[in-house]
1. What is the calculated FRET efficiency for residue A:85 to residue B:141, with r their C-beta to C-beta distance and R₀ = 30 Å, to the nearest 0.05?
2. Can you figure out the FRET efficiency of residue A:339 with residue B:12, using R₀ = 51 Å and their beta-carbon distance, to the nearest 0.05?
3. Mean residue ellipticity at 222 nm from the helices of the protein assembly as shown, using -39,500 (n - 2.57) per DSSP H segment of n ≥ 4 over the full residue count, to the nearest 500 deg cm²/dmol?
4. Cα centroid distance between the range A:313-337 and the range B:62-98, in Å?
5. Can you pull out the trypsin sites (Lys or Arg not before Pro) in the range A:178-238 whose DSSP state is coil and whose Cβ has at most 16 other Cβ atoms within 10 Å?
6. Going by accessible area, probe 1.4 Å, with all protein chains left in place, what is the ranking of A:221, A:299, largest first?
7. If one takes the longest principal axis of the Cα atoms in chain B, at what angle in degrees, from 0 to 90 and to the nearest 10, does the Cα axis of helix B:146-160 lie?
8. Once both axes come from the Cα atoms, what is the angle between helix B:109-122 and the longest principal axis of chain B, in degrees from 0 to 90, rounded to 10?
Amino acid sequence: MLRLPKFEVRTPESLDAALALLAEFGPDARVIAGGTDLVPNMKHELVTPRIVVSLARIPELRGVGDAGAGWLRLGAMTSLADVAADARVRAQAPALAQAAGLVAGPQLRTMGTLGGNVLLDTRCQWYNQTYFWREALGFCLKKDGTLCHVVEGGSKCVAAASNDTAPALMTLRAELVFVGPQGRRVTPIDDLWLADGAANKKCASDELLVEVRLPPTGPGHRGAYGKLRERASIDFPLLGVATRIELDARGTITDADVVLTALQARPVRVKRAAELLLGVRAEGDAFLAAARAVADQAHRQAHPMPNIPGDAEWRRAMVPVYVRRTLEAAARGAGPVHAV
Amino acid sequence: MRVLHLLINGDRVTVAAPEHWTLLEVLRYELGLTGSKQGCDKGDCGACTVLVDGKPVLACLTLAALCEERAVTTIEGLLPAHVKSGGSGPDPVQAAFDECGALQCGFCQPGMMLSARALLDRNACPTRTEIQDALAGNLCRCTGYTQIVEAVELAVAKHCGVAPRRPGSARPRGRSRPPPRRA
Ligand SMILES: Cc1cc2nc3c(=O)[nH]c(=O)nc-3n(C[C@H](O)[C@H](O)[C@H](O)COP(=O)(O)OP(=O)(O)OC[C@H]3O[C@@H](n4cnc5c(N)ncnc54)[C@H](O)[C@@H]3O)c2cc1C
Ligand code: SF4
Ligand code: FES
Ligand code: FES
């Protein structure tokens with residue numbers, strides 16, 4: 001039995017009321033969306049807010065809609081199940097629909113939100129444990145302690161970014177809309193991340209993520225998501241791969257992007273992916289050779305740590321396999337790539 | 001403490017509970033509805049699955065204070081709801097689990113049956129793959145799942161008027177099936 005530490009629950013009915021609570025209680029307040037990350041983390045006493053501010057009663061935060069000029073807006077409180085099932089998302093951003101559809105199991109996708117997934121805390125097997133467990137081992141520097149159990153002598157936390165939608169949103173060049181005491185700010189999702197597992201996002205505690213915006217994609221857009229895990233529905237990604245390919249009318253690649261997650265504290269872009277795929281037709285041997293070149297590049301860049309489940313060497317060996325398969329799936333207009 | 005006005009299995013319930021309690025704690029320790037099981041208590045196992053507004057969620061990660069004005073269904077509510085809608089005896093999903101012997105220790109059953117009930121409410125005649133996907137968030141450490149999937153298929157078959165396969169006669173299908181032999 002895991003009991004929650006004590007807190008009070010507030011259910012503001014407007015954005016302004018929610019912001020006022022965050023301003024009033026500062027670091028003592030914490031936002032709850034679906035609660036599927038926050039509640040376990042509170043049970044483990046990793047976060048112990050005095051006030052929990054629910055966004056469930058703010059209707060404008062939920063749902064998928066048109067944002068003008070072909071952009072889609074996805075309210076931060078839209079459930080992952082709704083993101084995965086939405087016809088517009090599936091057509092305009094297949095990699096995102098696939099990634100959302102592979103998060104956890106059905107109950108957690110019903111509860112969990114897109115905003116909560118973007119803002120998911122990093123994960124580490126020395127961190128996502130009860131207070132008793134962490135105390136017995138010796139606290140680490142992400143919470144309550146001064147050393148790292150993963151990197152001996154390390155002074156920086158390397159807990160892994162583990163949110164499936166983040167790499168997909170990066171390949172799609174999504175923008176995030178935050179509101180805070182200074183008003184609204186729009187930021188490309190690429191600029192959200194910091195390479196620090198203790199706090200890997202530039203987002204203040206008095207800010208709210210209100211929506212995710214997706215730019216328009218054309219008929220030549222292809223995208224797919226690949227996910228490595230041992231058990232569906234419980235395991236976070238041991239590796240996540242999002243791919244995007246843009247094709248011209250003749251089926252030749254005009255742009256491409258590949259982003260990996262669960263390897264380090266932030267999602268990482270595979271270097272030179274576009275360069276290696278540019279001008280290649282998305283089929284046959286030439287495409288396979290180019291996809292292999294991207295896979296090799298991803299393998300050179302990937303250095304998984306022994307901080308999340310799954311042998312780190314195995315996870316590294318799977319990087320080129322999943323990159324190649326996920327590129328091939330995108331080219332075929334298929335996906336997701338998922339063996340469980 | 002906080003006074004909560006909940007709607008549980010069709011009944012309006014007013015209950016005082018600590019403000020930071022989960023829905024699972026309120027169900028089990030205030031209302032005596034111990035059918036919802038406390039397994040891992042952190043979102044892994046699905047034993048605590050209940051329906052909120054008809055959709056399966058994990059009661060161990062749901063704050064009770066956020067359930068006001070929402071309809072909660074627990075395993076205790078399936079039979080009365082079935083009788084109320086004109087049926088007799090347990091919900092067809094429960095009857096099928098019984099008929100197929102789809103349990104050993106039984107700990108996963110309430111959650112399994114609620115996930116199955118929610119599936120059949122939105123898709124009366126699902127395929128085997130759809131059944132497996134809908135139950136993917138409910139772990140069973142005993143049965144090996146075969147009889148559980150067969151039980152849901154039996155409930156489906158009865159509902160859709162198709163003759164059910166004899167319980168126990170189906171073998172798991174899907175990837176694990178050997179490829180058909182070439183002539
Ligand atoms: C067993 C299990 C398996 C899981 N598997 C996966 C998986 O495979 N892949 C994966 O990506 N995730 C997984 N998760 C984690 C989680 O379910 C999802 O990431 C989910 O999308 C989190 O969303 P939420 O709405 O529940 O977030 P919450 O828990 O409500 O919030 C998460 C964090 O974001 C903050 N926050 C949320 N919304 C906002 C907002 N609008 N503005 C400001 N701050 C906000 C909260 O304060 C909190 O810090 C799993 C969880 C469990 C328990
Ligand atoms: S990477 Fe090191 S500091 Fe970070 S959570 Fe794990 S053990 Fe703690
Ligand atoms: S008890 Fe809720 S998921 Fe295990
Ligand atoms: S019957 Fe024992 S866990 Fe399923």
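The values are calculated or read from the model by the stated rules, or taken from the named source; none is laboratory data. Here the structure is a predicted model, which means the values were calculated and not measured. Every residue, glycine among them, receives a Cβ derived from its backbone with ideal geometry; neighbour counts consider all protein chains shown. The accessibility values were calculated without ligands, DNA or RNA, using every heavy atom of the protein model including side chains. Shrake-Rupley method; radii C 1.70, N 1.55, O 1.52, S 1.80 Å.
1. Efficiency at R0 = 30 Å is approximately 0.50.
2. 0.60
3. Helices in the protein assembly as shown give a 222 nm mean residue ellipticity of -8500 deg cm²/dmol.
4. 42
5. Here the trypsin sites (Lys or Arg not before Pro) that fit, given the DSSP loop and packing criteria, are A:202, A:231.
6. Values: A:221 15, A:299 65 Å².
The most accessible residue leads, giving A:299, A:221.
7. Between helix and principal axis, roughly 90 degrees.
8. Here the helix axis deviates by roughly 80 degrees.
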